[in-house]
Amino acid sequence: MFGYVTVYKPELKIKDYDTYKGVYCTLCKTMQKEYGIFSRLLLSYDATFYVVYRMAVTDSRTKLSKSHCSFSPCKKCLKIESDEDIFKKAAGITVILSYFKLCDNIKDENWCKKTIYKILKPYFSHICKKAKSKYPDIFDVVQEYMGKQAETEKEFQTIDISADPTGNVLGYILSDGDKNSTDFKFGYCLGRTVYLLDAFDDFKKDVKTNSFNPFSGTDNIIKDASFTINMSIGEMIEYLKYIEIYRFKNIINNVVFYGLKSRMDKIIIKMRGEER
């Protein structure tokens, strides 16, 4: 995953942030249990949001208990006692997406980074094979749309067409495969937003290396990208109104209303700083 789906801490209550961190810590421990200690380095807050969202839209019991961080035993954290399958699936999704991201980086990065990624590929292939055996449908969907993503980038398609594969992947994941649900539409818009944020973030690098970017050719990257991303977030908000949420509503609202925009604002600040 890309790392753009995060909460905006200043607008989140302490108890909600503690819960959010508890989900992160529990997922971290699940990653180690399922795929080994090094797999924890792949963990992102995007995967944390997946767990929060799936627990929020399913009426399953959750319980918070005190625990300790495995990396820092003296550091206290919370543990979420809920349906273990959600955490295991989030771990598998993280591994599968990370593998395909690595393959994509091997194609796009310079020779130095490409060499490093090639060295890492056998390890990624090993844990991805394990994740694929547990979640073949997720693997097949990601593989299908990563192929479509590569095709659209070769043909320099429009922004909407370019963002479609990532939208479909996140829609499938968040809806648990139900393509006719509002969950899918919400997830599709989230995937589209994540793709656009990543393209916005990489714009100057892509222009410099003559790589594909859906915003290429724009006269005002900050204005045009901000408008497009805000439209996508606005569509997410509309779909969110029709989704029944049993718990963690404050966390989900925080990510959608504040977290995504905060990430966009950071990209804008970075871009303006580079222009000085």
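The values are calculated or read from the model by the stated rules, or taken from the named source; none is laboratory data. Because the structure is a prediction, the values reported are computed rather than measured. Here Cβ is always computed from backbone atoms with ideal geometry, including for glycine, and neighbour counts include all displayed protein chains.
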inquiry  = Looking for something over 19 Å from residue 47 (Cα atoms), out of contact with any Pro (no Cβ under 8 Å at 6 or more places or on another chain) and among the charged types (D, E, K, R) - is there at least one such residue anywhere in the range 180-197?
reply    = no
key: Out of 19, 30, sole residue that is among the polar types (S, T, N, Q), part of a helix (DSSP H, G or I) and under 23 Å from residue 123 (Cα atoms)   = 30
ask   = If you take the residues in the range 1-16 that are in contact with a Phe, Trp or Tyr (Cβ under 9 Å, 6 or more places away or on another chain) and in a helix (DSSP H, G or I), which one is surrounded by the most Cβ atoms within 10 Å (Cβ to Cβ)?
value = 16
request  = Pick out the one residue from 171, 177, 167, 187 that is crowded, with 16+ Cβ neighbours inside 10 Å, in contact (Cβ under 8 Å) with a residue 24 or more places away in the chain and either acidic (Asp, Glu) or closer than 24 Å to residue 96 by Cα (or both).
outcome  = 167
task = Provide a single number: the residues in the range 214-225 that are more than 23 Å from residue 149 (Cβ to Cβ) and either in a loop (DSSP other than H, G, I, E, B) or of a type in the set (S, T, N, Q) (or both).
result = 2
query = Within the range 121-155, can you find the residues that are within 14 Å of residue 36 (Cβ to Cβ) and either surrounded by fewer than 16 Cβ atoms within 10 Å (Cβ to Cβ) or not hydrophobic (A, V, I, L, M, F, W, C) (or both)?
reply = 122, 123, 125, 126, 129, 130
remark   = If you go through 148, 205, the only one that is more than 19 Å from the chain's Cα centre (by Cα) and free of Cβ contacts under 8 Å to residues at least 24 places away in the same chain is 205
ask   = Quick check, is residue 169 within 21 Å of residue 41 (Cα to Cα) and touching a helix residue (DSSP H, G or I) at 6+ places or on another chain (Cβ under 7 Å)?
value = no
request  = Name every residue in the range 85-113 that is β-branched (Val, Ile, Thr), within 19 Å of residue 146 (Cβ to Cβ) and under 19 Å from the mean Cα position of the chain (by Cα), in order of residue number.
outcome  = 93, 94, 95, 96
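Per-residue answers, yes or no, for (1) among the acidic types (Asp, Glu); (2) at pLDDT 90 or above; (3) within 15 Å of residue 41 (Cα to Cα):
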residue	(1), (2), (3)
74	no, no, no
80	no, no, no
104	yes, no, no
112	no, no, no
115	no, no, no
119	no, no, no
126	no, yes, no
133	no, yes, no
